[in-house]
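The values are calculated or read from the model by the stated rules, or taken from the named source; none is laboratory data. What you see is a predicted model; the values in this text were computed from it and never measured. Cβ placement follows ideal geometry from the backbone for every residue including glycine, while neighbour counts extend to all protein chains displayed.
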């Protein structure tokens with residue numbers, strides 16, 4: 001077993017706040033590890049120490065000589081003036097330098113210079129690596145490498161940072177929340193990539209399906225200590241429960257023993273104290289063990305929400321466009337009580353726009369939204385809110401409400417509710433400025449829930465929340481007796497919370513599927529296998545696709561000419577998809593020479609553009 005990295009008795013303290021101490025950790029070749037902890041426990045600080053970006057307050061760190069480490073931070077810092085190509089290939093690796101020179105030459109080099117770069121690629125055996133780089137960029141939708149970083153959105157910047165660490169020639173890959181700002185297709189691709197890679201991995205992620213499929217070791221940072229579990233997420237939950245139960249029993253035993261030892265300490269004659277030194281030392285150890293606190297979840301979180309009338313929410317023929325880009329097209333849906341809908345779609349397809357229209361923050365271009373008089377929205381938005389940093393955590397929540405009524409008529413205090421959502425009493429009086437980014441997101445979630453809404457709208461609630469907080473939120477939603485709409489890339493969370501899926505296919509077309517996310521994907525894969533089905537980056541369509549949203553609209557039917565066009569389109573799309581797959585297969589072999597590779601790349605781009613147009617026309621005709 002080859003040891004890559006060894007941390008021995010390391011610790012970290014920020015001011016008077018202890019994050020962790022006496023942590024010992026070994027990372028060996030081929031390990032695929034996940035680090036789990038509540039927000040604010042020090043996950044990112046631990047990663048910074050392991051990568052050498054921070055020094056521990058104590059202990060030692062040993063890293064294998066010449067070990068190559070690539071580190072994706074949760075909030076990566078990029079050079080805003082760089083182009084994507086400059087940022088991607090800014091590492092010192094010789095192989096990366098060769099590929100960068102080749103890529104730059106493709107964009108603006110002379111034929112003579114290009115020939116020189118081709119020989120250079122041959123000498124370094126860089127063609128396989130170059131193909132892998134192109135696949136990574138293609139899957140993360142980073143196609144224009146001349147785009148300036150400063151013009152990108154936050155999500156696009158995170159994808160550039162992710163691509164940067166993936167293209168590096170590295171031994172150890174350390175990833176802090178790699179799935180944030182990725183759409184579901186990208187997450188599924190990244191999952192397969194990390195399963196197949198031979199690189200050693202340590203990552204922090206809230207995506208439990210992602211974690212479960214990739215990792216064989218789980219590290220839990222809890223109560224300033226690190227626990228190691230050799231197994232998947234389900235195994236971790238079982239062993240964690242056993243560990244916490246044993247710890248609770250041991251604490252109770254220590255409390256009972258402490259009573260006996262206290263009595264002995266009081267009665268012990270002073271003249272004999274030097275003979276009982278070991279017992280005195282043992283007393284202080286028992287006292288420390290007896291003071292251990294254990295999380296209790298005995299409160300009832302079945303909140304008594306405001307009564308819902310007969311009318312909940314009705315969306316009629318709503319459309320919205322920004323310039324020439326249509327994000328919602330003639331969408332109609334009638335919400336009933338207790339509905340739990342998931343909203344999915346690629347980044348930029350208008351998911352947040354639909355939520356803003358529902359809540360009245362944005363007006364539709366066409367159509368109407370009728371909201372029931374009794375409906376109280378609780379809208380958790382991606383951008384969150386700005387808190388007063390000099391305010392305490394509990395005061396920020398008190399500004400909304402000081403208590404909630406639960407289903408049995410009793411009142412739940414703000415302290416109890418905050419404790420349930422992992423803000424223990426000692427944390428409630430902390431200044432907001434001292435919270436981590438994830439803790440601030442959890443605080444924002446609390447302010448939304450304390451409004452006691454009966455219609456919850458959660459836009460990417462799983463971003464920046466830890467797994468333990470998500471478990472609490474899932475339990476809360478299981479008892480919530482109102483309506484819920486969720487936008488999330490966390491498949492586990494969607495499976496637990498929603499009972500039907502709105503899919504925005506692009507160009508404003510929204511379909512409704514009855515079932516959770518896994519059922520939706522299973523159905524999608526089945527449809528792709530049917531004769532006449534068309535698989536594309538926008539989803540799967542087949543000739544028997546139907547509109548499932550709310551009220552079904554009567555189809556006008558196709559003219560004779562349109563029927564002929566529809567049949568031709570289906571054949572052409574299938575042919576183009578086959579050609580596209582063939583080209584991708586050829587490009588992945590690494591056996592093409594430069595001229596062939598250039599030709600295939602050019603044709604691939606042409607096919608993608610043609611397919612986009614033909615699929616949109618196919619969709620228009622299929623809706624008639």
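From the list 104, 94, 80, 87, the one residue that fits, being under 28 Å from residue 47 (Cα atoms) and surrounded by 15 or more Cβ atoms within 10 Å (Cβ to Cβ), is 87. Taken over the stretch 481-497, residues that are surrounded by 22 or more Cβ atoms within 10 Å (Cβ to Cβ) and part of a loop (DSSP other than H, G, I, E, B) amount to 4. Filtered by the rule that a residue be surrounded by fewer than 20 Cβ atoms within 10 Å (Cβ to Cβ), outside any strand (DSSP E or B) and touching a strand residue (DSSP E or B) at 6+ places or on another chain (Cβ under 9 Å), the stretch 320-352 gives 336, 337, 338, 339, 346, 348, 352.
For the stretch 286-314, name all the residues that are surrounded by 17 or more Cβ atoms within 10 Å (Cβ to Cβ), assigned to a strand (DSSP E or B) and at pLDDT 90 or above.
Within the stretch 286-314, 313 is the sole residue that qualifies.
With respect to the conditions (1) within 30 Å of residue 209 (Cα to Cα); (2) surrounded by 15 or more Cβ atoms within 10 Å (Cβ to Cβ); (3) modelled with pLDDT of 80 or more, residue 538 lacks only one, and its number is (3). Taken over the stretch 185-231, the criterion of being surrounded by fewer than 21 Cβ atoms within 10 Å (Cβ to Cβ), touching a strand residue (DSSP E or B) at 6+ places or on another chain (Cβ under 8 Å) and over 30 Å from residue 58 (Cα atoms) is satisfied by 194, 197. Exactly one of these conditions fails for residue 404: (1) surrounded by fewer than 16 Cβ atoms within 10 Å (Cβ to Cβ); (2) farther than 24 Å from residue 222 by Cβ; (3) at pLDDT below 90. Give me its number. Result: residue 404 fails condition (1) only. Can you say whether residue 592 is surrounded by 15 or more Cβ atoms within 10 Å (Cβ to Cβ) and either at positive phi or modelled with pLDDT of 75 or more (or both), as far as the supplied structure shows? So residue 592 fails the test. Kindly evaluate residue 16 against the criterion of being assigned by TED's automatic domain parsing to the domain that holds residue 234, surrounded by fewer than 16 Cβ atoms within 10 Å (Cβ to Cβ) and without any contact (Cβ under 8 Å) to a residue 40 or more places away in the chain. The answer is yes for residue 16. Selection over the stretch 175-227 of residues that are part of a strand (DSSP E or B) and free of Cβ contacts under 8 Å to residues at least 60 places away in the same chain gives a count of 1. So which residues in the stretch 148-179 are in contact with a helix residue (DSSP H, G or I) (Cβ under 6 Å, 6 or more places away or on another chain) and either on the phi > 0 side of the Ramachandran plot or at pLDDT below 90 (or both), if there are any at all? Correct list: 167, 169.
Number of residues in the stretch 441-470 that are in a helix (DSSP H, G or I) and over 27 Å from residue 405 (Cβ atoms) equals 1. Condition test on residue 622, is it at pLDDT below 75 and buried (at least 17 other Cβ atoms within 10 Å of the Cβ)? For residue 622, the condition - at pLDDT below 75 and buried (at least 17 other Cβ atoms within 10 Å of the Cβ) - is met.
Listed conditions (1) under 29 Å from the mean Cα position of the chain (by Cα); (2) on the phi > 0 side of the Ramachandran plot; (3) not in a loop (DSSP other than H, G, I, E, B) are all met by residue 356, apart from (2). The set of residues in the stretch 441-467 being in contact with a helix residue (DSSP H, G or I) (Cβ under 7 Å, 6 or more places away or on another chain) and either within 17 Å of residue 176 (Cβ to Cβ) or without any contact (Cβ under 8 Å) to a residue 40 or more places away in the chain (or both) consists of 462, 464, 465, 466, 467. Being farther than 15 Å from residue 163 by Cβ, modelled with pLDDT under 85 and not assigned by TED's automatic domain parsing to the domain that holds residue 191 is a condition met by no residue of the stretch 69-89.
Per this entry, residue 317 is not counted among residues that are without any contact (Cβ under 8 Å) to a residue 12 or more places away in the chain and either part of a strand (DSSP E or B) or not assigned by TED's automatic domain parsing to the domain that holds residue 140 (or both).
For the stretch 495-505, check the following and say yes or no: at least one residue is touching a residue at least 24 places away in the same chain (Cβ under 8 Å), within 24 Å of residue 176 (Cα to Cα), touching a helix residue (DSSP H, G or I) at 6+ places or on another chain (Cβ under 6 Å) and outside the structural domain of residue 36 (by TED's automatic domain parsing).
Among the residues of the stretch 495-505, not one is touching a residue at least 24 places away in the same chain (Cβ under 8 Å), within 24 Å of residue 176 (Cα to Cα), touching a helix residue (DSSP H, G or I) at 6+ places or on another chain (Cβ under 6 Å) and outside the structural domain of residue 36 (by TED's automatic domain parsing), which makes the answer no.
Each row is one residue, and each column tells you yes or no for (1) modelled with pLDDT of 75 or more; (2) exposed (fewer than 12 other Cβ atoms within 10 Å of the Cβ).
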position	(1), (2)
543	no, no
563	no, no
566	no, no
576	yes, no
613	yes, yes
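Taken over the stretch 36-95, the criterion of being free of Cβ contacts under 8 Å to residues at least 60 places away in the same chain, touching a strand residue (DSSP E or B) at 6+ places or on another chain (Cβ under 8 Å) and not in a helix (DSSP H, G or I) is satisfied by 52, 53, 54, 56, 57, 58, 59, 60, 61, 62, 63.
Taken over the stretch 152-164, residues that are more than 16 Å from the chain's Cα centre (by Cα) and surrounded by fewer than 20 Cβ atoms within 10 Å (Cβ to Cβ) amount to 2.
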